[in-house]
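These notes are about the structure you will find just below.
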Amino acid sequence: MTQPAPIRRVLSRRPTMLDLYCCQGGAAKGYTDAGFDVTGVDLAPQPRYPYRFVQADAIAFALEHGAAFDFIHASPPCQHDTDCQRIQGNTHPDLIAPTRTALETTGRPWVIENVGGAVPKLRAPVMLCGQMFALANYRHRYFETGGGFTLTQPGHPAHLVPQAKMGRPVPSGHYGQFVGNFSGVPLARRVLGVPWMNRDGIRECIPPAYTEHIGRAAVAHLAPVLGVAA
Ligand SMILES: C[S@@+](CC[C@H](N)C(=O)[O-])C[C@H]1O[C@@H](n2cnc3c(N)ncnc32)[C@H](O)[C@@H]1O
């Protein structure tokens, strides 16, 4: 019996993604790999960001231009929510709620990402771990979704490999914790898949494997809106 020829479904155009609080582009790399045309926004200059870049306040930019993009990702700074910052009495502004409010006005599907310390401020976040993507690292990150876009929580493989102490050199047979003024930039670049970054970018970044996973779900979500070419 003749098998039906598989129909190749391709989006009629490359979807656009607004990458708010983009830093050096860990999130952006994953979305690009998933098929998005990415524009990054950060308050600080980001000469290492590999894609189109605009230096601006993320919330102001989202309010003015967010609706022009197919999908929006936001990684508000997490310093407010890390243990070491709390110990130091740091009072960075909490940008999660105002970012959510801005994203909701765009009418677009979106994701807000943050660290474990911010989980009480996130609504039903999905947690991603390096073990879900065969990375030699754990680096948990949390993703709230909105604007009609949802993610399914993947299963969480057990952590079987011990971790080096935070920021310390990584003994053989251990995973690194690349935070603070960590040692081992070349190792961290390899493990997280961010060869263009320096230490400042690595300590902040989402491993691109996580956002490639999210990006593929976003492309599937957008397909009915964007249309597919046979
Ligand atoms: C956690 S990092 C983002 C990491 C990035 N998603 C990645 O995967 O590489 C947060 C970034 O927010 C930027 N930032 C802080 N306040 C901002 C604001 N009001 N508007 C735009 N960017 C801001 C910081 O300069 C920093 O680069």
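The values are calculated or read from the model by the stated rules, or taken from the named source; none is laboratory data. Keep in mind that this is a model prediction, so the values were computed, not measured. When we count neighbours, we look across all protein chains shown, and the Cβ atoms used for this are built from the backbone with ideal geometry, even at glycine. Side chains included, ligands, DNA and RNA excluded: accessible areas come from the protein's heavy atoms. Shrake-Rupley method; radii C 1.70, N 1.55, O 1.52, S 1.80 Å.
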| request: For Val179, state whether it is closer than 21 Å to Cys78 by Cβ and outside any loop (DSSP other than H, G, I, E, B). | output: no
| note | Within region 20-58, residues away from the ligand (no atom under 11 Å from the Cβ), closer than 12 Å to His73 by Cβ and not hydrophobic (A, V, I, L, M, F, W, C) come out as Thr32, Thr39
| query | With respect to Glu113, is the statement that it is among the acidic types (Asp, Glu) and open to solvent by 40 Å² or more (accessible area, probe 1.4 Å) true? | reply | no
| message | Among the residues that make up region 120-132, is at least one of them hydrophobic (A, V, I, L, M, F, W, C), in a helix (DSSP H, G or I) and either open to solvent by less than 50 Å² (accessible area, probe 1.4 Å) or touching a helix residue (DSSP H, G or I) at 6+ places or on another chain (Cβ under 8 Å) (or both)? | response | yes
| query | Thr105 passes all but one of (1) assigned to a helix (DSSP H, G or I); (2) open to solvent by less than 50 Å² (accessible area, probe 1.4 Å); which number fails? | reply | (2)
| message | Just to be sure before I move on: is Tyr142 part of a strand (DSSP E or B) and either modelled with pLDDT of 95 or more or away from the ligand (no atom under 15 Å from the Cβ) (or both) in the structure I sent? | response | yes
| note | In region 148-167, anything in contact with a strand residue (DSSP E or B) (Cβ under 6 Å, 6 or more places away or on another chain) and within 28 Å of Gly107 (Cβ to Cβ) is listed as Leu151, Gln153
| Filter result for Cys84 (open to solvent by 30 Å² or more (accessible area, probe 1.4 Å), modelled with pLDDT under 95 and either within 14 Å of Gly215 (Cβ to Cβ) or of a type in the set (A, V, I, L, M, F, W, C) (or both)) | yes
| field | Scan of region 144-176 for residues that are open to solvent by 70 Å² or more (accessible area, probe 1.4 Å) and within 18 Å of Ser75 (Cα to Cα), ordered by number | value | Thr150
| request: Determine whether region 57-76 contains at least one residue that is open to solvent by 60 Å² or more (accessible area, probe 1.4 Å), closer than 22 Å to Leu122 by Cβ, of a type outside the set (A, V, I, L, M, F, W, C) and at pLDDT below 95. | output: no
| note | Out of (1) surrounded by 18 or more Cβ atoms within 10 Å (Cβ to Cβ); (2) in a loop (DSSP other than H, G, I, E, B), the one Val191 does not meet is (2)
| said: So for region 214-228 (the condition being open to solvent by 70 Å² or more (accessible area, probe 1.4 Å), hydrophobic (A, V, I, L, M, F, W, C) and assigned to a loop (DSSP other than H, G, I, E, B)), does at least one residue qualify? | reply: no
| Can you name the residue in region 89-129 that is in contact (Cβ under 8 Å) with a residue 40 or more places away in the chain and among the small types (Gly, Ala, Ser) and, of all such residues, is farthest from His221 (Cα to Cα)? | Ala118
